[in-house]
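Below: one structure, written as structure tokens.
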Amino acid sequence: IAGITQAPTSQILAAGRRMTLRCTQDMRHNAMYWYRQDLGLGLRLIHYSNTAGTTGKGEVPDGYSVSRANTDDFPLTLASAVPSQTSVYFCASSATSAYTDTQYFGPGTRLTVL
Amino acid sequence: AQSVAQPEDQVNVAEGNPLTVKCTYSVSGNPYLFWYVQYPNRGLQFLLKYITGDNLVKGSYGFEAEFNKSQTSFHLKKPSALVSDSALYFCAVKDYGQNFVFGPGTRLSVLP
């Protein structure tokens, strides 16, 4: 069982370009999340999805969009990348959106916007 | 709004000594508290969580954490540190109906 996979592992992107970060889980978890990790700020939630077909905004959603067409996949799109979006992006999932559920994380995507 | 503080950016401890990584939280309702560890170039790994019940929670790799409601703290502890415990540690809190809020992280260095 792979758990959560993310692609690409890293990417250097010119400002203004469109980029989609991919996330796939094989645990049949209902809830999925996207975080960005920045030094000194910990992880901040960008978007989440409690179940397939639904999405919600987290703490820092501006400049990002997500879709949840099925249970397994939760892609994150930067429509027009800016340098402030340089970060490490983590996808996570949990069995449900219940407050007691543990989140499991992917290995991350390191994105640099120049 | 819920929040998490990890007052120490860095904790250094000698191998074999006990370690403590501090976490305090603020929530409006009952807290659900988690600790995660991140090794270099890796995603976060779940260590332990407090939902209800015994205030002392035991988790993976010999770690434990003590929930203290009066002090709104959830410090991570280990009786005897290993060099392999060196990593970045995140405390997180979840309030009912809300999403996770993570602390800024504490870098633990265990010196041989």
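Of all strands (runs of 3 or more DSSP E) completely enclosed by the range B:22-99, which ones contain at least 2 residues that are acidic (Asp, Glu)? Write out each step before concluding.
Working: elements: B:24-26, B:32-38, B:44-50, B:56-58, B:64-68, B:73-78, B:87-94.
The qualifying strands (runs of 3 or more DSSP E) are B:64-68.
Return the residue satisfying two criteria in turn: it lies in the range B:65-93 and is of a type in the set (D, E, K, R) and more than 9 Å from the chain's Cα centre (by Cα), and of such residues it is nearest to B:TYR39 (Cα to Cα). Let's see the steps before the verdict.
The initial filter retains those residues of the range B:65-93 that are of a type in the set (D, E, K, R), namely B:66, B:69, B:77-78, B:85.
Remaining after also requiring more than 9 Å from the chain's Cα centre (by Cα): B:66, B:69, B:78, B:85.
Numbers: B:GLU66: 23, B:LYS69: 29, B:LYS78: 17, B:ASP85: 9 Å.
Going through the qualifying residues, I end up with B:ASP85.
Among strands (runs of 3 or more DSSP E) lying entirely in the range A:10-114, which contain 3 or more residues that are within 25 Å of B:ALA1 (Cα to Cα)?
Values: elements: A:10-13, A:19-25, A:31-38, A:42-49, A:64-66, A:76-78, A:87-94, A:109-113.
Fully inside the range A:10-114 and qualifying: A:31-38, A:42-49, A:64-66, A:87-94.
What residue, of B:GLN45, B:GLN38, is of a type outside the set (Asp, Glu), surrounded by 20 or more Cβ atoms within 10 Å (Cβ to Cβ) and within 10 Å of chain A (Cβ to nearest Cβ)?
Values: B:GLN45 fails: surrounded by 20 or more Cβ atoms within 10 Å (Cβ to Cβ).
None of the others qualify; the one that does is B:GLN38.
Return the pairs, sorted by first residue and then second, in which the second residue is assigned to a loop (DSSP other than H, G, I, E, B), the first residue lies in the range A:27-43 and is charged (D, E, K, R), the beta carbons are less than 9 Å apart, and the residues are 6+ apart or on different chains.
Between residues of the range A:27-43 that are charged (D, E, K, R) and residues that are assigned to a loop (DSSP other than H, G, I, E, B), the close pairs are A:ARG28/A:THR71; A:ARG28/A:ASP72; A:ARG28/A:ALA95; A:ARG36/A:VAL60; A:ASP38/A:THR86.
In this structure, does A:LEU13 turn out to be within 14 Å of the chain's Cα centre (by Cα) and surrounded by 17 or more Cβ atoms within 10 Å (Cβ to Cβ)?
Details: within 14 Å of the chain's Cα centre (by Cα): no; surrounded by 17 or more Cβ atoms within 10 Å (Cβ to Cβ): yes.
Taking the combined requirement at face value, the residue does not satisfy it.
Quick one: A:TYR89 ticks every box in (1) farther than 23 Å from B:ALA92 by Cα; (2) within 14 Å of chain B (Cβ to nearest Cβ); (3) among the hydroxyl-bearing types (Ser, Thr, Tyr) except a single one, so which number is it?
So A:TYR89 meets the others, but not (1).
Given the conditions (1) among the charged types (D, E, K, R); (2) without any contact (Cβ under 8 Å) to a residue 24 or more places away in the chain; (3) away from every other protein chain (no Cβ under 11 Å), and given that B:GLU15 satisfies all but one, which numbered condition is not satisfied?
With respect to (1) among the charged types (D, E, K, R); (2) without any contact (Cβ under 8 Å) to a residue 24 or more places away in the chain; (3) away from every other protein chain (no Cβ under 11 Å), B:GLU15 is out only on (2).
Going through the range B:68-107 one residue at a time, which ones are hydrophobic (A, V, I, L, M, F, W, C) and over 30 Å from A:HIS47 (Cβ atoms)? Can you show your working first?
Of the range B:68-107, the ones hydrophobic (A, V, I, L, M, F, W, C) are B:74, B:76, B:81-83, B:87-88, B:90-93, B:100-102.
Those that are hydrophobic (A, V, I, L, M, F, W, C) and over 30 Å from A:HIS47 (Cβ atoms): B:ALA81, B:LEU82, B:VAL83.
Checking B:GLY105 against (1) of a type outside the set (Lys, Arg); (2) buried (at least 19 other Cβ atoms within 10 Å of the Cβ); (3) on the phi < 0 side of the Ramachandran plot, which test does it fail?
(3)
Could you say which residue among B:SER70, B:SER84 is within 23 Å of B:ALA14 (Cα to Cα), surrounded by fewer than 20 Cβ atoms within 10 Å (Cβ to Cβ) and out of contact with any Cys (no Cβ under 8 Å at 6 or more places or on another chain)?
On the way: B:SER70 fails: within 23 Å of B:ALA14 (Cα to Cα).
Step by step, each of B:SER70, B:SER84 is checked, and only B:SER84 is within 23 Å of B:ALA14 (Cα to Cα), surrounded by fewer than 20 Cβ atoms within 10 Å (Cβ to Cβ) and out of contact with any Cys (no Cβ under 8 Å at 6 or more places or on another chain).
Among the numbered criteria (1) touching an Asp or Glu at 6+ places or on another chain (Cβ under 9 Å); (2) surrounded by fewer than 17 Cβ atoms within 10 Å (Cβ to Cβ); (3) within 13 Å of chain A (Cβ to nearest Cβ), which single criterion is violated by B:GLY53?
Of (1) touching an Asp or Glu at 6+ places or on another chain (Cβ under 9 Å); (2) surrounded by fewer than 17 Cβ atoms within 10 Å (Cβ to Cβ); (3) within 13 Å of chain A (Cβ to nearest Cβ), only one is false for B:GLY53: (1).
Can you tell me which residue within the range B:91-101, out of those that are surrounded by fewer than 22 Cβ atoms within 10 Å (Cβ to Cβ) and not charged (D, E, K, R), is modelled with the highest pLDDT?
Initial filter on the range B:91-101 (surrounded by fewer than 22 Cβ atoms within 10 Å (Cβ to Cβ)): B:95-99.
Okay, now just the ones that are also not charged (D, E, K, R), so B:96-99.
On the way: B:TYR96: 65, B:GLY97: 63, B:GLN98: 64, B:ASN99: 75.
Among those that are surrounded by fewer than 22 Cβ atoms within 10 Å (Cβ to Cβ) and not charged (D, E, K, R), it is B:ASN99.
What are the residues in the range A:42-56 that are surrounded by 14 or more Cβ atoms within 10 Å (Cβ to Cβ) and at negative phi, if any?
Answer for the range A:42-56, where residues must be surrounded by 14 or more Cβ atoms within 10 Å (Cβ to Cβ) and at negative phi: A:LEU43, A:ARG44, A:LEU45, A:ILE46, A:HIS47, A:TYR48, A:SER49, A:ASN50, A:THR51, A:ALA52, A:THR55, A:GLY56.
The values are calculated or read from the model by the stated rules, or taken from the named source; none is laboratory data. Everything quoted here is computed from the prediction, not taken from an experiment. When we count neighbours, we look across all protein chains shown, and the Cβ atoms used for this are built from the backbone with ideal geometry, even at glycine.
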